[in-house]
Amino acid sequence: MLSAIALTIVVYFVPPTEREDGSPFTVDDTAGYIIYNENDQFIKLVDRYSAMAEIVMLDDRYHEYYIRTFDNDGRKSKPSNKFSIGEPKPNKPEVIQCDTY
C-alpha cells in the first residue's frame, strides 16, 4: 500500500518598514512577498497584507527557504535570512525579518 503524508508548515515573517536608502516602506508600497527554496525556485506568492504563509511539504527532508519583498514597480528586495524546515529540526520557532530595499 502506498501512502503519502503532507506536512503544512506555517511561516510568520516581519515585513520591511524602510528601503535601503532609509526612506519609509509601507504596506501600500508592497505588492507582495515571494518565498523561494534553497535552489532559488519559486515556492509561493504571499499577499501584501499577510505576514504569514503556509508551505506544504511532501517529505520531511531538510529544506531551506528565504523571502523577498516586491514593490508595486516590481522591484525585489534582497533575500531575507534563510530559514530551515525539516531534519535537523530548529530548536525554536524562527521569526523572519524581510530585508529592506
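Taken together, the values in this text are just the output of simple stated rules run on the coordinates, not laboratory data. Since the structure is predicted, the reported quantities are computational estimates derived from the model, not experimental observations. Heads up, the Cβs are rebuilt from the backbone with ideal geometry, glycines too, and the neighbour counts pull from every protein chain shown.
The table for this structure:
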| read-out | value |
| --- | --- |
| At most 16 other Cβ within 10 Å, DSSP loop - GluC sites (Glu not before Pro), the stretch 13-42 | GLU20, GLU38 |
| Assigned charges on the beta-carbon of Lys, Arg, Asp, Glu; the stretch 7-97 dipole about Cα centre (debye) | 120 debye |
| Pairwise FRET efficiency - ASN39 versus ILE9, Cβ, R0 = 22 Å, nearest 0.05 | 0.80 |
| Inverse of mean 1/r across different Cα pairs in the stretch 20-66, Kirkwood, Å | 12.6 Å |
| Computed lengthening from GLU54 to ASN81, 0.36 nm per intervening residue step minus Cα-Cα distance | 7.9 nm |
